[in-house]
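Participant: Please find one structure pasted underneath; my questions will follow.
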Amino acid sequence: PSRLPIGRAFGEQHMIELKKREKRILIACLAVAAVIVAFYALVSPALVRRAELERQIQEASTRRGDLKLLRQQYDQIEEETEKINQRVKNRPATFTLYSFLAETANRLNLKNNLTSMKPSRRKLDEKFSEELVEVRLEGISLENLVAYMYEIERTGAAVVISSIRIQPESRLGGGLNVYLLITSLGPG
């Protein structure tokens, strides 16, 4: 048999004859190679992209839940602010926490128990300031204390008892020594 040049070895005239079994193996190998190439060229990037999109969707869903919660909290704060504004508007223009507490003590006949009142004020922001009064009551009965606290809290004038400290009184024949920190919001 004569040798053909390399260029003519694959020509039409001299095709390599493959057996049927070899053709099937070659076709199967080519099919597997095509599937592998298609997977790495098309499917794998699509799966990676899909996983990334699912992660982004999950993050967006979490952020959406967080935003919804923040919105609810914001709405609640706005509602509370509006209630405070309404209470402040409904009280007399001459209202001061100090005078309100002194008048309430006088009305309830607690002048003898009221030993000190120390007012102070601090600015919270542009809209609001907080008026504070430290009230000291000595030798007060539990019933009178409850009545005084009830009158303070029920005013609806944005007045709150922020802190209370109660100790039994032994020097003046009984009763309670009470320290109250009372606050009120007002226009800044």
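The values are calculated or read from the model by the stated rules, or taken from the named source; none is laboratory data. Here the structure is a predicted model, which means the values were calculated and not measured. Here Cβ is always computed from backbone atoms with ideal geometry, including for glycine, and neighbour counts include all displayed protein chains. Accessible surface is based on the protein model in full, side chains and every heavy atom, while ligands, DNA and RNA are left aside. Shrake-Rupley method; radii C 1.70, N 1.55, O 1.52, S 1.80 Å.
Participant: Could you check segment 170-188 and list, in sequence order, the residues that are of a type in the set (A, V, I, L, M) and buried (at least 17 other Cβ atoms within 10 Å of the Cβ)?
Facilitator: Passing the criteria: 176, 178, 180, 182, 185.
Participant: Could you check, for segment 133-143, whether at least one of its residues is touching a Pro at 6+ places or on another chain (Cβ under 8 Å), surrounded by 11 or more Cβ atoms within 10 Å (Cβ to Cβ), free of Cβ contacts under 8 Å to residues at least 60 places away in the same chain and within 25 Å of residue 81 (Cβ to Cβ)?
Facilitator: yes
Participant: So, residue 101, is that one open to solvent by less than 100 Å² (accessible area, probe 1.4 Å) and in contact with a helix residue (DSSP H, G or I) (Cβ under 8 Å, 6 or more places away or on another chain) or not?
Facilitator: So residue 101 passes the test.
Participant: Report, by residue number, each residue of segment 8-30 that is at pLDDT below 80 and open to solvent by less than 100 Å² (accessible area, probe 1.4 Å).
Facilitator: 9, 11, 14, 18
Rundown of residues vs (1) farther than 30 Å from residue 149 by Cα; (2) of a type in the set (D, E, K, R); (3) modelled with pLDDT under 90; (4) open to solvent by 100 Å² or more (accessible area, probe 1.4 Å), yes/no style:
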position: 32; (1), (2), (3), (4): yes, no, yes, no
position: 39; (1), (2), (3), (4): yes, no, yes, no
position: 46; (1), (2), (3), (4): yes, no, yes, no
position: 50; (1), (2), (3), (4): yes, yes, yes, yes
position: 53; (1), (2), (3), (4): yes, no, no, no
position: 90; (1), (2), (3), (4): no, no, yes, yes
position: 105; (1), (2), (3), (4): no, no, no, no
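Participant: Do we have residue 115 as open to solvent by 40 Å² or more (accessible area, probe 1.4 Å), polar (S, T, N, Q) and at pLDDT below 90 here?
Facilitator: no
Participant: In this structure, is residue 155 open to solvent by less than 90 Å² (accessible area, probe 1.4 Å) and under 16 Å from residue 182 (Cβ atoms)?
Facilitator: yes
Participant: Here is a further query. So which residues in segment 158-169 are polar (S, T, N, Q) and open to solvent by 50 Å² or more (accessible area, probe 1.4 Å), if there are any at all?
Facilitator: Scanning segment 158-169 gives 162, 167.
Participant: Within segment 123-132, take every residue that is surrounded by fewer than 15 Cβ atoms within 10 Å (Cβ to Cβ) and at pLDDT below 85 and give me the one that is nearest to residue 98 (Cα to Cα).
Facilitator: Step by step, filter segment 123-132, then rank; the result is 124.
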